[in-house]
Structure formats: structure tokens, C-alpha cells
Amino acid sequence: MKGMTVIVKKTTQLMAGIIFLYGAYVIIHGHLTPGGGFAGGVIIAGAFILVTLAFGSDFLNLRKEETGSTSTENIAILVIILLSVTGLFLGTKVFFLNFLPKGNVGELVSAGVLPLYNIFVGIEVASSIFIIFLALIIFKEEESI
Amino acid sequence: MELAITIITGFMILGAVYAIHARDLLSAVIACGIVGYGLVICFLLLKAPDLAIVQIVVETITLIIMVAVVLDSSREEAYTKLDSQGYIHALLSLIILIAFFYFFYISISDLDLLGKGSLRMAKAYIEGAAGKTGSANLVTGVVFDFRGYDTLGEATVLVTAVLGVIAILRLKGKK
């Protein structure tokens, strides 16, 4: 896949980091402001897709990125299941138990395990959307080699 | 507000109808974008910013992926002439359309007014969520605490969908 012109590359260099930071903000503040794991994860995936579209990449590099994001996705969903199972062994025996202290409503560190769920769902959504995009590029180039 | 939503819904219907009848598949994909972005404005007018954020980002990325698919395959839609089976399908879909419209028409008098829900469960969620979960954003409290099973199912569906995409799109076997 070929890259684009110099103007697009420079604009992408300026914008991609800001988009990534905005996605991270939406995920981390998911229990305080509108947004959350799903929305922030898709924004982060958008930052990666923007970089891939603007700069292009050779086949081997993309293959490495696909392997990396596949394992990230699987580890993230495993952590979500482990977090929800942990609730079974602490205190009341309930799946999806909020076992951490809740704190004051409205502070950044509050609401127990909800921010942790948000972060891991965000990682999982970001990597899965990015894989779907990469799969369309990689397997086409694989055919031509 | 209801007038604005009616106008936007009219535009969305026009975009969807154009997407069906367009000969060029690329312009059909872009006409589908009208439906998605119109839905974003409707969500904002109905005071649902959570849904609006998700919808606007997902719509953009879906558009990119659909354009990539169209550029990979052909841009022209394959046309076939109607045969006898096609006429039977058209008649069946017309009957189903009329039946749906009739039942919607008789059930619309029993619905609540716009924005005035009277469900018993919704009231309990709105009053108890902040105290029980400690989350200032009500939606996150419901999604990850009261309805944790739903969210786990959604995440699993996403993983399964990605596995399916990788398995179907792969043309050569792995060595």
C-alpha cells in the first residue's frame, strides 16, 4: 500500500497524537462524562487507521502489526472475564461484583472496578476495529505476492 | 424539536432510497452515510450524547471500510432481469410491508408520548444508579454494573466477528 502526499503526511503527524489522546481521555473519564470504552476505543482505532492510510506501509510491517493487535485483543477480553470472575471469590458470590471501594461520586478515582472495565473494553474494541481494517489490506497484498 | 427530527428523518429516507437505486456503488456507500450522520443529529436533539459519540465515530470508520471494500471489488452493480421467482418475491415483500404498516398503525395509539416513558424499571435505574454504583455517568453505571452480562456478550460478539473476518478474508493458508 502506497502512502499519500507530503501535505497529508505532515497533517497526520500533527493530528494523530491529539486524536489518540482524545480517545484515551474519553475512555479514562468514561464513568464521569459521556462516552466510555466503546466510543473511546473506536476513536483510538481511528488514529491508527489515519496513520496507516497516510503513510502506507510495506507488507512485512503490517503483518507484524496484525499479529500484535490480535494478541492485544485476546488478552484484553481475557482480563475482562478474569475481573468479572474475581467478584465470585470476594464477598458476596456474584458475577460482575463491584469489589473495590466506591469513593466519592464525581472524582476521577471512584466507582470501584467500572473504570478498569472501561479501559480493557477500550483496548479490545480499538484492536478489533484495527484488525478488520488491516485484514482488508494485508490479504489483498498477500494474493499479489 | 419534533419538526426538526421529522425533516432530518425525511432526508435520511431520501438518502436510503438513493442508495438502493444508485448505479455507482461508491455513491451508494456515501449516500448510506447520510443515514448515519442524520441519526447522529437526531441523537443529539434527543439528548443522548453517549450514543451520538459512538454513532459518529463508528459511522466514519464503517464508511472507510466500505469504501475500501468497494475499491477492492467492482464499482458497478450487477443487474438481473425479473423472472417469475422475482415477481413472487416482490409480491411477498409488498404483503409483509402492508401487514407491518397496519400493525404499527393500530399500536401507535397505545405508545407513550415522545420523551415521557412510563416504564417501572427505568425509574429505578435513574434514581438508584449513582448511589449503588458510584458512577457519575448513568450510562456507564447501567452498562457495566446492572447489565454486565450484556456488555460481556457484546465484547464476545466483537471478538467472534473479528475471528470470522480473518478466517473468511484469508485467501492463502498459513504455512
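The values are calculated or read from the model by the stated rules, or taken from the named source; none is laboratory data. Keep in mind that what you see is a predicted model, and the values were worked out from it rather than measured. Note: ideal-geometry Cβ built from the backbone for every residue, glycine included; neighbour counts use all protein chains shown. In case anyone asks, the SASA skips ligands and DNA or RNA and just uses the protein heavy atoms, side chains included. Shrake-Rupley method; radii C 1.70, N 1.55, O 1.52, S 1.80 Å.
Brief remarks on what is shown
- Inter-part distance where the range B:1-57 and the range B:82-132 are each reduced to a Cα centre, Å: 19 Å
- Within the protein assembly as shown: Cβ-based charge dipole about Cα centre, in debye rounded to nearest 20 (Lys, Arg +1; Asp, Glu -1): 420 debye
- The value obtained for the range B:37-87, namely the Cα convex hull volume divided by the number of residues, is 127 Å³ per residue.
- Comparing each chain alone with all protein chains together (probe 1.4 Å, DNA, RNA and ligands left out), the residues of the range A:115-131 losing at least 20 Å² of accessible area are A:TYR117, A:ASN118, A:VAL121, A:GLU124, A:SER128, A:ILE129, A:ILE131.
- Ordering B:CYS42, B:CYS32 by accessible surface, largest first, gives B:CYS32, B:CYS42; the 1.4 Å probe counts only protein heavy atoms, with every chain in place.
- The residues neighbouring B:ALA28, those whose beta-carbon lies less than 15 Å from its own, together hold a net charge of -1 under the Lys/Arg +1, Asp/Glu -1 convention.
- Rounded to the nearest 10 degrees, the angle from helix A:6-28 to the longest Cα principal axis of chain A is 10 degrees.
- Using alpha-carbon coordinates, inclination of helix A:114-144 to the longest axis of chain A, degrees: 20 degrees
- The accessible-area ordering, largest first, of the residues B:HIS89, A:HIS31 stands as B:HIS89, A:HIS31, per a 1.4 angstrom probe.
- Loop trypsin sites (Lys or Arg not before Pro), the range B:1-94 (other Cβ atoms within 10 Å of the site Cβ: 11 or fewer; DSSP): B:ARG23, B:LYS47, B:LYS81
- If only the Cβ of Lys and Arg carry +1 and only the Cβ of Asp and Glu carry -1, the dipole of chain A around its Cα centre is close to 260 debye.
- For the cross-link pairs A:LYS9/B:LYS47; B:LYS47/B:LYS132; A:LYS9/A:LYS140; A:LYS102/B:LYS123, the ones whose C-alpha atoms lie over 28 Å apart are A:LYS9/B:LYS47.
- HN-Hα J in Hz across the range A:93-98 - Karplus 6.51, -1.76, 1.60, θ = phi - 60°, x for Gly and Pro: 7, 10, 5, 6, 7, 8
- Here the range B:118-175 is assigned +1 on the Cβ of each Lys and Arg and -1 on the Cβ of each Asp and Glu. Its dipole about the Cα centre then comes out at about 460 debye.
- Calculated [θ] (222 nm, deg cm²/dmol) that DSSP helices of n ≥ 4 give over chain B, each run adding -39,500 (n - 2.57): -25000 deg cm²/dmol
- Partner chain coverage, peptide A:89-100 - average Cβ within 10 angstrom: 2
- Helix screen, chain B: DSSP H segments with Cα axial length of 15 Å or more and mean Kyte-Doolittle hydropathy at least 1.0 are B:2-21, B:25-45, B:49-72, B:84-107, B:148-169.
- Area accessible to solvent at B:ASP110, 1.4 Å probe radius, in Å²: 130 Å²
- Of all accessible heavy-atom area on the range B:79-171, the percent that carbon and sulfur account for (1.4 Å): 70 percent
- Exposed trypsin sites (Lys or Arg not before Pro) absent - longest run of chain A, DSSP non-H/G/I/E/B, at most 14 other C-beta within 10 Å: A:3-92
- Charge-dipole axis of the range B:118-175 as Lys and Arg at +1 and Asp and Glu at -1 on Cβ define it, positive-most pick from B:ALA124, B:THR151, B:SER135: B:THR151
- Of the solvent-accessible surface of chain A, computed with a 1.4 Å probe over protein heavy atoms with every protein chain present, carbon and sulfur atoms account for 74 percent.
- FRET efficiency estimate (nearest 0.05) - Cβ-Cβ, A:LEU90 to B:SER27, R0 45 angstrom: 0.20
- Among B:LEU91, B:VAL69, B:ILE168 the positive-end extreme of the charge dipole of chain B (Cβ point charges): B:ILE168
- With the biggest extent put first, the Cα atoms of the protein assembly as shown measure 65, 60, 39 Å across the principal axes.
- Estimated at the nearest 10 Å², the accessible area of A:THR33 is 40 Å² with a 1.4 Å probe.
- In the A-B interface, the accessible area buried, summed over both sides, Å² (probe 1.4 Å): 3800 Å²
- MRE, 222 nm, helices only [DSSP H, n ≥ 4, -39500 (n - 2.57), over chain A, to nearest 500]: -25500 deg cm²/dmol
- Accessible area per residue in Å² at 1.4 Å probe, computed on the protein assembly as shown: 62 Å²
- Translational diffusion of chain A, µm² s⁻¹ [Kirkwood Rh, Cα pairs; Stokes-Einstein; 10 °C; 1.306 mPa s]: 94 µm²/s
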